[in-house]
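In what follows, a single structure is set out as structure tokens and then discussed.
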Amino acid sequence: MNKKLILLVAFIVLIALLPLIGNKVVKNTIEQRFADLRQNGLETALKQENRGYLQTDLEYTVTVADEEKFLAYLQQYSSQELPPYTQSLLAGIVFGVKVHYNNIPFNEKISIDIYPVKLSKEMERELKEKNPKLYEFVKELIRKKAFVYHIDYDVVSGEFSGSMKDFNERFIQDTNATLELSYKGVRVAGKGMLLAPDTLQSSIESLHMGLKDEKTTMDFEVHSWYSKAMFESQSAYSESMKVGKTDFKLREVSAQTQMPVEVAFHAEGVSFEFAAAAEGKKMKFETDAAVKKLVLSQNAQNYAVENFHLKGVLSEVDKESFIRLQKMVQKLSTQSTQQPTQEKIEQTLVTLLSNGMHFTLADFSIGSLSIPGQNNIEGFFVKVDAKLHADPNFVKNYQDPNALVQNLEVKADMHFSKPFYALLNGLYPVDLMLAQYKKEDQKGVDFHIEILQGKIMLNGKALQ
């Protein structure tokens with residue numbers, strides 16, 4: 001037989017076998033993922049398999065069988081201790097997982113749909129006892145797959161993108177109380193393991209929750225919400241969030257006066273960033289928060305703040321003692337049987353302080369504020385640079401009130417507009433104590449503070 005013909009036949013056979021080989025490769029990859037989960041508190045079962053020549057569909061059920069082991073698994077990939085009620089929410093909950101993929105390797109991403117099939121045992125018990133009608137309503141939502149989380153996952157790169165099915169439902173209680181919940185445009189993207197990704201971006205186009213009965217009307221809305229998280233380890237992570245607009249309105253008829261009481265909250269241009277990074281044996285924390293506009297209202301009386309900003313850095317923090325202290329504090333909020341003693345917490349805190357740290361408040365300011373009867377009052381700004389010098393002897397002398405102050409070095413600048421200082425003085429008579437120290441001109445009132453070796457100087461004068 002001609003060699004070229006043999007090669008051609010071999011190539012055709014290889015191409016024909018490629019989908020079969022690809023199906024085996026992808027399915028083995030999926031099974032390996034499930035095997036990892038089974039070792040960490042989950043039970044998985046292949047419910048249905050539809051395997052074609054070019055495409056394959058698999059359907060699994062996933063049950064949280066050992067919630068303690070599963071939570072311990074998740075805790076490895078969290079910068080914070082998971083709330084204690086998480087365990088009761090997960091115990092016995094069952095999810096359905098549908099997987100669709102192309103049998104030709106790497107031709108397209110794996111498509112995954114995840115949805116609840118059964119509530120946790122604790123949730124079922126509480127709903128049945130306290131609100132049977134709501135329990136039946138939630139069961140119906142689960143039956144018709146109202147909560148579906150869709151993901152397209154790239155096996156090669158580990159990148160994924162996904163979305164949640166838009167939701168708009170109304171529940172009417174026996175008392176004619178109405179509960180509404182809707183959200184749309186829920187999107188996610190990230191990289192890494194789906195249960196605990198290294199990076200995760202989330203966004204919501206809009207979210208609305210409403211409650212109405214004979215005496216109460218409540219509405220909560222969020223528009224253009226976005227968040228991003230990057231996780232390297234428990235000592236290196238970052239989080240950020242932006243919210244276009246948030247509104248909360250509550251109207252309730254007072255039981256005493258039978259008159260309506262109205263409370264409202266409005267915020268726009270909200271942003272928040274936080275990052276923690278390990279720098280050798282030290283740690284550094286950065287935060288940056290801002291609000292373009294914030295309005296609180298009560299019975300048409302408005303209190304407003306514009307252009308709030310807070311930006312600070314805490315650095316040179318001893319990594320070992322901080323992580324030890326962090327774990328102790330987190331355990332206090334859990335039901336762990338190994339609760340740290342007050343003495344151990346105090347010793348760890350003292351060790352942390354004895355290693356010193358550096359805090360910089362680059363900007364803490366409000367552009368303007370308004371209160372009933374006064375609008376657009378110019379605000380204030382504060383800047384601080386504070387160093388706590390390392391002192392090994394502090395471990396022995398920490399009970400001395402002056403021990404910490406002696407190691408503290410601070411420089412701070414404060415500026416208040418005249419209207420704001422007058423408002424502050426009206427609420428609390430600060431001028432009685434600070435009149436002899438303040439510097440005042442047409443622009444406002446200023447204070448420069450220095451703390452060095454236990455001495456406090458205010459605008460160049462020793463504080464008495």
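We did not get these values from a lab; they are worked out from the coordinates using the rules stated. This structure is a prediction, so every number in the text was calculated from the model and none was measured. Every residue, glycine as well, gets a Cβ built from its backbone with ideal geometry; the counts of neighbours run over all protein chains shown.
Fewest first, what order do MET283, MET218 take by the number of other Cβ atoms within 10 Å? Before the final figure, lay out each step's value.
On the way: MET283 21, MET218 16.
Final ranking by Cβ density, sparse to dense: MET218, MET283.
State, as an integer percentage, the relative contact order of region 317-464 based on alpha-carbon contacts under 8 Å between residues 6 or more apart. Let's see the in-between values first.
Details: 230 pairs, mean separation 25.9, N = 148.
Computed value for region 317-464: 17 percent relative contact order.
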Task: Members of LYS418/LYS455; LYS387/LYS455; LYS284/LYS387; LYS215/LYS249; LYS98/LYS144 lying beyond 18 Å, as alpha-carbon distances in this model show - done: LYS418/LYS455
Task: Hits among lysines - C-alpha to C-alpha of LYS245 under 25 Å, sequence gap 8 or more where chains match - done: LYS165, LYS184, LYS212, LYS228, LYS292, LYS293, LYS311
TODO: Under a cut-off of 22 Å between alpha-carbon atoms, report the lysines in cross-link reach of LYS69, not counting same-chain residues fewer than 8 places apart.
DONE: LYS118, LYS121, LYS327, LYS331
Task: Computed magnitude of the charge dipole of region 341-397 (debye, nearest 20; Cβ of K, R +1, Cβ of D, E -1) - done: 120
